[in-house]
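Visitor: So that we are looking at the same thing, I have put the structure below in structure tokens.
The values are calculated or read from the model by the stated rules, or taken from the named source; none is laboratory data. Source: prediction; values computed, not measured. Positions of Cβ are backbone-derived with ideal geometry, glycine not excepted, and every protein chain shown enters the neighbour counts.
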Amino acid sequence: MNVSGQKMILENLDLDLSYTIEEFELINKQLKTSSIEIKGQPIDLFELNENGKLIPMPQVTVEFEAVVGEIARQLGNWNVWNRQDGIITTSQGGYDFNVGGQRKIDAPDVAFLSREVYDSLTKQQRRTFQGPPFSPIFAVKVADISKQSDFERLDFKIKNDYFAMESSVRLAWLIDPVNKKLHLYRRGMRRYPWGWRDIGGDDVLPGFTLEVWMIDEVIKKELESGSSGSSEGQGLSEMQELPERSEPSEMEESPEMSEPSEMEESSEGSEVSEESSESNLDCPKCDEIFNNYYDFMKHVESEHIRRRRRV
Ligand SMILES: [Zn+2]
């Protein structure tokens, strides 16, 4: 396909037409550098249904993507600390769920794939949507499901697509962080309304627990709906705090920050200084001493859990 042909495809999209997998890949690739609007909604990603029809994925709001990030972070900690060595994808990681033998491409907001499966994939499978289909063993959808029709659409998608007979998904969660709802799906079982409490990964993600209070921390404040008058104070108090953190004097010190002698200076931040236990963190596995949790955790992760390869 020549360049002008490529341009044509994005300009003349027709959602009633069927597209080939090559065209689908090209369209999503082009959407990485340009965007289109459909019915007033900015679109930067399509999914593909079993009839080759493009399903526009509206851009997700910051609030929901922040929750996606938090879930991926918790799962990522488990993945590394528990030495799972698996693969985690987020909202643009499209899988072919192969529903009834038909290609059906969908990106769960968070998904987990075992290392064995990932390593067994061909280059074609990793880099294109061609080749034999594969799917994750765990999938999460994050959405506002307060509207019954939205809930039913996602509930159907999870049951029909994620748990299609040909798919590998064994565990799925539908999470609504704003309305504090979590639905649990397991292969061969009915959907279970879990409520808003911590949930474990069972034998699919052994030892993993999603802590919902950390998701609450991400969302935190209840936003006042539509009250522009009272919004004045809302962001202001936070904005006033900002300049303190980025004072130029601190920036100049930063290149030498890793020296232990500057321990007291670097714990200048409000929370750090209160927590005296954070200074002198002795690694229980070696002789190294740290003065903040971040450096300590990074050390434990790279030296004792993952064992960084030295060149
Ligand atoms: Zn150590």
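Visitor: Looking for something farther than 29 Å from Ile145 by Cβ and among the polar types (S, T, N, Q) - is there at least one such residue anywhere in the stretch 51-74?
Guide: To start, the set of residues in the stretch 51-74 that are farther than 29 Å from Ile145 by Cβ comprises none.
Among the residues of the stretch 51-74, not one is farther than 29 Å from Ile145 by Cβ and among the polar types (S, T, N, Q), which makes the answer no.
Visitor: Here's something else I'd like to know. Would you say Ser279 is out of contact with any Gly (no Cβ under 9 Å at 6 or more places or on another chain), away from the ligand (no atom under 16 Å from the Cβ), at pLDDT below 60 and of a type in the set (Gly, Ala, Ser)?
Guide: Working: out of contact with any Gly (no Cβ under 9 Å at 6 or more places or on another chain): yes; away from the ligand (no atom under 16 Å from the Cβ): yes; at pLDDT below 60: no; of a type in the set (Gly, Ala, Ser): yes.
Answer is no for this residue.
Visitor: Where in the stretch 1-92 are the strands (runs of 3 or more DSSP E), entirely inside, with at least 2 residues that are surrounded by fewer than 13 Cβ atoms within 10 Å (Cβ to Cβ) and out of contact with any helix residue (DSSP H, G or I) (no Cβ under 8 Å at 6 or more places or on another chain)? Show your work before the answer.
Guide: On the way: elements: 36-38, 41-48, 54-58, 87-90.
It comes to 41-48.
Visitor: Being assigned to a loop (DSSP other than H, G, I, E, B) and more than 18 Å from the chain's Cα centre (by Cα) is the filter here, so list the residues in the stretch 93-110 that pass it. Reasoning before the result, please.
Guide: Our first condition is that a residue be assigned to a loop (DSSP other than H, G, I, E, B); within the stretch 93-110, this holds for 93-94, 97-98, 100-101, 103-104, 107-109.
Answer for the stretch 93-110, where residues must be assigned to a loop (DSSP other than H, G, I, E, B) and more than 18 Å from the chain's Cα centre (by Cα): Phe97, Asn98, Gly100, Gly101, Arg103, Lys104.
Visitor: How many of the residues in the stretch 283-305 are loosely packed, with under 15 Cβ neighbours inside 10 Å and near the ligand (Cβ under 6 Å from one of its atoms)?
Guide: 6
Visitor: May I pose another question? State which residue is surrounded by the most Cβ atoms within 10 Å (Cβ to Cβ) when the search covers only the stretch 153-172 and only residues that are within 19 Å of the chain's Cα centre (by Cα) and under 19 Å from Glu47 (Cβ atoms). Show your work before the answer.
Guide: Taking the stretch 153-172 and keeping what is within 19 Å of the chain's Cα centre (by Cα), we get 154, 157-158, 162, 169-172.
This time we only want the ones that are under 19 Å from Glu47 (Cβ atoms), so: 154, 157-158, 162, 169, 172.
Numbers: Leu154: 18, Lys157: 20, Ile158: 22, Tyr162: 28, Val169: 24, Ala172: 25.
Across the stretch 153-172, the extreme among qualifying residues is Tyr162.
Visitor: Quick one: Val67 ticks every box in (1) within 18 Å of the chain's Cα centre (by Cα); (2) free of Cβ contacts under 8 Å to residues at least 60 places away in the same chain bar one, so which box is it?
Guide: Failing condition for Val67: (2).
Visitor: Is it the case, given these coordinates, that Ser254 is small (Gly, Ala, Ser), away from the ligand (no atom under 16 Å from the Cβ), at pLDDT 50 or above and out of contact with any Leu (no Cβ under 8 Å at 6 or more places or on another chain)? Break it down stepwise before answering.
Guide: On the way: small (Gly, Ala, Ser): yes; away from the ligand (no atom under 16 Å from the Cβ): yes; at pLDDT 50 or above: no; out of contact with any Leu (no Cβ under 8 Å at 6 or more places or on another chain): yes.
For Ser254, the condition - small (Gly, Ala, Ser), away from the ligand (no atom under 16 Å from the Cβ), at pLDDT 50 or above and out of contact with any Leu (no Cβ under 8 Å at 6 or more places or on another chain) - is not met.
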